[in-house]
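See below for the structure under consideration.
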Amino acid sequence: MDTLREIFDPHFLLRNSVYISLLVGLVCPLVGVYLVLRRLIFMGVALPQISSCGIAFTFALQGWGVIPHVHQSEHGLAFFGSSLFTLPTIVLLSLLVRRGRGSVEGRLGTVYVLAGAWSILLLATNPLGEHGLLDLLKGEIIAISDADVGWTAATFCAVILLLFLFGKEFLLISFDREMAVTLKKNVLFWDALLFLLIGVTVSMTVLSVGPLVAFGFLLIPSLIAHLFAGNMRQFALIASVIGGLTALGGFCIAYHWDFPVGPTDVALLGVVYGLAFLGQKSVGLLKSRRSQAEGGR
Amino acid sequence: MTDEAVLTLEHVAVGYGRRVILSDVNLLLRRGSFTGLLGANGSGKSTILKTILGIIPPLNGRIVLTPAGGRPPVLGYMPQRESLDPIYPLSSFEVVLMGVCGRVKPGLRISGTEKDWAHQCLRETGADQLSRKLFSELSGGQKQRVLMARALATRPDILLLDEPTAGIDALATKAIMELLGKIYAEQRQTIIMVSHDLTTVREHAKGVIWLHEGKVLHGAVSELLTLDKIQELLDLELR
C-alpha cells in the first residue's frame, strides 16, 4: 500500500514511467485483440522488433551525419523512423498472410530475426554511441519526459477513439470479409485503417517502453481475456483491464525490489496467464464432474 | 413469383485469376423465385454465387441486379459456416447484428430499433434462446439458424445461401429447410440456394440451375429434376 501511495505521489521521480506503463497496459491490449483474432500473433512479435530497428536506423542516420542531430526533435524523429519501418511491413506481412502461400511463420520469423540483427548492427556502428537504445531494448522504462507522456497519451486517445467509433466495421471485415463486401463496405480502406492503428500503437509503444514490453502487452492480456470472454465487448474490456492492472502491479514489484520494469511486467503477465489458464481448466473440470454427477442421478 | 427480372447474367465467365470455371453463362431469375443451384464438387456452384454477390469479379460479361424501390438491391448472404473462424468470442446476437451494419453509417452506434430487429430475426429462425451463447460453441444446425437470422437482418431483396445443409444431420437439415420454406412462403423472398443435395432441392425449390461439365442448365424443378433427366445427367457425369 505504501508503495502504491509513493508511486502515485505527484512528486514521485518516476511518475512518468508509471503513467507510460499504465497507458501501454490499458491501450496495447485493445489493439492486440485484433492481432489475436486475425491470427497474426507472430506479426505481434515481429512488428515491435521492426519498429525498434526503425528507431535504431534514424538514430544511426543522425550519428552518421546524414540528418542533423537536434536533441529536441529526437522523439519525433524516432517515431517517424519507427512508423516508416512498421507501417509498410504490416501491410506487406498482412498481404502475405492473407494470400497464405508459402510458409507465413517462416517469413515472419525471418523478419523478426533480421530486424533484431539489424537493430544491434545499427547500434554498434552508430558513432554517437548506443544513445540509450540499449535500455529501450531491455525494457528499462526510466527516462520518460513529460513530452513523451503527452505524445503517447494523445496518440493512444486517438487510437481508442477510432477503435470505439469504427469497432463494428473492424469486426465485420475481420470476421467475415465476404459479408462485408456484400454489404458494400470498402474492405481495403477499413483494413488499411486498422493496420494503421496497429502500426501507430506499436511504434509509439516501442518508442516508450521497447519491443519486449510492447510484444507482451499486445498479446498476453488478449490471450488471457480470450479464456473468459463471452462476447466481443467483454473480450476487449477484460484484456485492457488485465493489461492496466498488470502494468501497475509490475511497476510496484519492480520499484519495491529494484527490478527492471519491462521484464517484470512481462514476467507478471506470464504468471497471470498461467494462473488464468489453470483457473479456467479447473472450473471446466468441476463443471463437467458436476454435470456427470447430475446425469448419474 | 412475378415476371420482373431480379437478376440477369449476360455472357458471364466466372473463375479465379486466369482459371475460367464457367464461361458464357446466361441466366434470368425472377423476383420471388426459389432456385436451387446444383452441381458436382468443383463444378463452380460457390464461385458463381460469389460472383453474383460481388465477392469475386466476373472474368467476362455483365451481371445486372434490378434496383428495388429505386435503390440497389440488398443481398442477404449466408456463407458456409466453416468459413467463419471460431477464434472470435462473438455471441450469436453479435453475429446477427452484423447483418444490420449495411444500414448503419460508419462511426454511428447501432440503434435500439436495429437491435430489436436483430432479435426479431433470431426469433424468426427459432434461435432467440441462443442469442447470448458463443457462436463458436453452437452445433452445426444452430449456427445455420443464426447465420440465416443474420442474412434476414440485412432486410434482403435476394437471399443467397451457400450450402445451408452441408455437414449437418438429417433432423437439423429438415428443420433448416422447413424454416427456409416458411420464409419463402411468408415473405415471397427471392432465394438462391447452393446445394449438392438433389432431394432437398427437389422438395423445396421451384427452379433449378444445374452446373454440369461447364454447361449451365436452367429450368423448373418439375422439368429438370425428373427421374429420367437426372439419370441422363448422372450417366453423363459418370462417363
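Worth pointing out:
- With all protein chains modelled, accessible area of A:L275 [1.4 Å, Å²]: 120 Å²
- Remark: C-alpha extents of the protein assembly as shown on the principal axes read 86, 67, 47 Å, sorted largest to smallest.
- Cα-centred dipole magnitude for segment B:125-239, charges only on beta-carbon of K, R (+1) and D, E (-1), debye, nearest 20: 540 debye
- Restricting the calculation to Cα atoms, segment A:2-296 yields a radius of gyration followed by a Dmax of 20.3, 79 Å.
- With a cut-off of 13 Å between beta carbons, the residues surrounding B:T226 carry a summed charge of -1, where Lys and Arg count +1 and Asp and Glu -1.
- When A:F85, A:F189 are compared by accessible area at a 1.4 angstrom probe, the order from most to least is A:F189, A:F85.
- Membrane-span-like helices in chain A, defined purely by DSSP H runs whose alpha carbon atoms cover 24 Å or more axially and whose average Kyte-Doolittle hydropathy reaches -1.0, are A:15-37, A:41-63, A:74-99, A:104-124, A:146-165, A:187-228, A:232-257, A:261-296.
- Counting Cβ atoms of other protein chains within 10 Å of each Cβ in A:225-231 and taking the mean gives 4.
- Estimated 222 nm signal from helices in chain B, with DSSP H stretches of n ≥ 4 weighted -39500 (n - 2.57), rounded to 500: -10500 deg cm²/dmol
- Take each residue in B:81-93, count the other chain C-beta atoms within 10 Å of its C-beta, and the mean is 5.
- With DNA, RNA and ligands ignored, accessible area of B:S91 (1.4 Å probe; Å², nearest 10): 10 Å²
- Each peptide in A:43-51, B:139-147, B:36-44 was scored by the mean count of other Cβ atoms within 10 Å over its residues; highest first, the order is A:43-51, B:139-147, B:36-44.
- For the protein assembly as shown, the per residue solvent-accessible surface stands at 47 Å², with DNA, RNA and ligands left out and a 1.4 Å probe.
- Among the trypsin sites (Lys or Arg not before Pro) found in segment A:1-56, those both in a DSSP coil and sparsely packed, with 16 or fewer other Cβ atoms within 10 Å of their Cβ, are A:R39.
- Each peptide among B:209-215, A:171-177 gets the average number of other Cβ atoms lying within 10 Å of its residues, and from highest to lowest they stand as A:171-177, B:209-215.
- For chain B, the longest principal axis of the Cα atoms and the long axis of helix B:227-238 meet at an angle of about 80 degrees.
- Placing B:H196, A:H75, A:H226 in order of accessible area, with the largest value first and a 1.4 Å probe, yields B:H196, A:H226, A:H75.
- Positive-end residue of A:L212, A:P68, A:V45, charge dipole of segment A:2-296 with Cβ unit charges: A:V45
- Axis of helix B:140-153 versus longest Cα principal axis of chain B: the two differ by about 80°, to the nearest ten degrees.
- Label point 7 Å beyond Cα of B:L171 along Cβ direction - residues of segment B:127-157 with amide nitrogen under 17 Å: B:127, B:138-145
- Accessible-area composition of segment A:2-296, carbon plus sulfur, in percent [1.4 Å probe]: 70 percent
- From the C-alpha gyration tensor of segment B:1-126, square roots of 5λ in Å: 30, 20, 15
- Cut-off 20 Å, label 7 Å out along Cα→Cβ of A:L92, residues of segment A:22-47 by amide N: A:40-47
- Å³ per residue enclosed by the Cα convex hull of chain B: 143 Å³
- Selected from A:V111, A:A124, A:F59, residue furthest toward positive end of dipole (chain A; charges at beta carbon): A:V111
- Nearest-10 value in Å² for the accessible area of B:E203, using the 1.4 Å probe: 130 Å²
- Sorting A:W118, A:W64, A:W190, B:W117 by accessible area puts them as A:W118, A:W64, B:W117, A:W190; the probe is 1.4 Å, largest comes first, and only protein heavy atoms count.
- Multiplying the residue separation of A:E105 and A:L227 by 0.36 nm and subtracting their alpha-carbon distance yields 41.5 nm.
- Chain A, dipole about Cα centre (Lys/Arg Cβ +1, Asp/Glu Cβ -1), debye to the nearest 20: 1580 debye
- For the peptide A:166-178, the mean number of other protein chain Cβ atoms found within 10 angstrom of a residue's Cβ is 5.
- Scattering profile of segment B:145-239 at q = 0.12, 0.17, 0.24 Å⁻¹ [log10 I(q)/I(0), Debye over alpha-carbon scatterers]: -0.42, -0.81, -1.35
- Computed from protein heavy atoms with a 1.4 Å probe, the total accessible area buried between B and A is close to 2700 Å².
- For the residue pairs B:K133/B:K182; B:K143/B:K174; B:K50/B:K143; A:K168/B:K115; B:K50/B:K174, the alpha carbons lie more than 22 Å apart in B:K133/B:K182; B:K50/B:K174.
The values are calculated or read from the model by the stated rules, or taken from the named source; none is laboratory data. All values derive from a computational prediction rather than experimental measurement. So basically every Cβ, Gly included, is an ideal-geometry build from the backbone, and we count neighbours across all protein chains shown. To get the accessible areas, we keep the full protein, side chains included, count just its heavy atoms, and leave off ligands, DNA and RNA. Shrake-Rupley method; radii C 1.70, N 1.55, O 1.52, S 1.80 Å.
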